[in-house]
Structure formats: structure tokens, C-alpha cells
Amino acid sequence: MTPISTILTSLLLTAGLVVSPPAPSIEAQQLANQVAPHAQVWRAESDHQRQQITALKAQLAQKDAELIKLKRAEVKQTPKATPPPAKRIGNWQSGEFTAYYPANDAMQGGGITSKGDNLYQSLYFRGYRIIAAPPNVPFDTVVEIEVAGQTIKGIVRDRGGRIQGNKFDITYADKNSAEQFGRQQGKWRVIE
């Protein structure tokens, strides 16, 4: 050092303006020696995790774009909702009405309707009496039947080999009730 720089340094030191860094303590040096070998591994793991996060974000963005395309395609393919046609109450027609009950024989249908209803559990579907109707009356049609002074609202859930034309079969709980009803003439009409 030149004498001027030496003088300047000593003036600065006495004024407290030049501060040299403190020497590391022994504990700090030992800790640094323990951590240093692992620092490179930690840095590599951190970089790898950052790359995974970036890849996952890209996959998520791709899936979001696919979802948007699918939703757009679904909207295009979904037909516009048109209200179902108003059901008209049909005209009264004459008919012949018999009764059947759940029984384990072919004549009585075996207790399970064509639509899979178990008559041992209930004679009703959606609050209407289950009936067997000819093929020209679609399943789930609700009909009103008037026979011998009584009105029965039934739903078509069954068919039968002898149920043709204007013949209907009405469910009853047991053989006695069905036989008591017998075969009767009456009238019917579609209400739903």
C-alpha cells in the first residue's frame, strides 16, 4: 500500500467507516460443511419438481381445452327442448274387463308384469292400479275404466296372450277377489 492509502485506511478505521466482515464462527463453519454436500441434491430436486409442476399445468390446460370442446359439441348435439305434446283425454270406448292376481302359474302371469313390476309387492305403479292392455295401448298409458259403477284409474304395465282389441285385465290382490270381479262389460278412455 502507498502511504496515502495507508493513511486513508487508518483514518477510515478510526472514524469507524470501514468495517471488515467478521470471521465465521467455528459452529457456522461446521454447519456450512455439513449442508454444502446436500445443497446440490436439494437444488436438483427442486428443479425436477418445478419441471413436474410445469408439465402438470400443461396437461391440465390441455384437459380443460378438451372439456370445453366436449361441452360445445354437447350443446350443438342436444336438440332444443320441445315441450311434449299435450295429452288429450280420449273418448270413451266400450271394453271387456277381467281380473288377474299374482300367482305362480302362466295363466296369471307369474306375478311379474311385462315391465318387471312385482305384483307380490304392490298392485300399483306411480299411484295407479296396474293393468294389462292390448298392444295398441302403449306401456305407461294411464286409462280410466268405469265398470259396474266403480271407477278405476290404471296404468298399462302388462300384456297378455288373450288381451286383444278392447279387452283389459285388472290386477287384484288374490284369487278370491279376482274371481269375484269376473268378466264385465264397461268403458274406458286414455287420460294420460
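Worth a mention:
- Inter-residue pairs, beta-carbon under 6 Å, first without any contact (Cβ under 8 Å) to a residue 24 or more places away in the chain and in the stretch 143-169, second of a type in the set (Lys, Arg), 6+ apart: 152/129
One line per residue, one yes/no per condition, for (1) outside any loop (DSSP other than H, G, I, E, B); (2) modelled with pLDDT of 90 or more; (3) crowded, with 17+ Cβ neighbours inside 10 Å; (4) in contact with a Pro (Cβ under 9 Å, 6 or more places away or on another chain):
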site	(1), (2), (3), (4)
131	yes, yes, yes, no
138	no, yes, no, no
146	yes, yes, no, no
154	yes, yes, yes, no
157	yes, yes, yes, no
163	no, no, yes, yes
179	yes, yes, no, no
189	yes, yes, no, no
192	no, no, no, no
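- Residues located in the stretch 153-166, provided they are touching a strand residue (DSSP E or B) at 6+ places or on another chain (Cβ under 7 Å) and within 20 Å of residue 110 (Cα to Cα): 154, 155, 156, 157, 158, 159, 160, 163
The values are calculated or read from the model by the stated rules, or taken from the named source; none is laboratory data. Note that the structure is predicted; figures quoted are calculated from it, not measured. Positions of Cβ are backbone-derived with ideal geometry, glycine not excepted, and every protein chain shown enters the neighbour counts.
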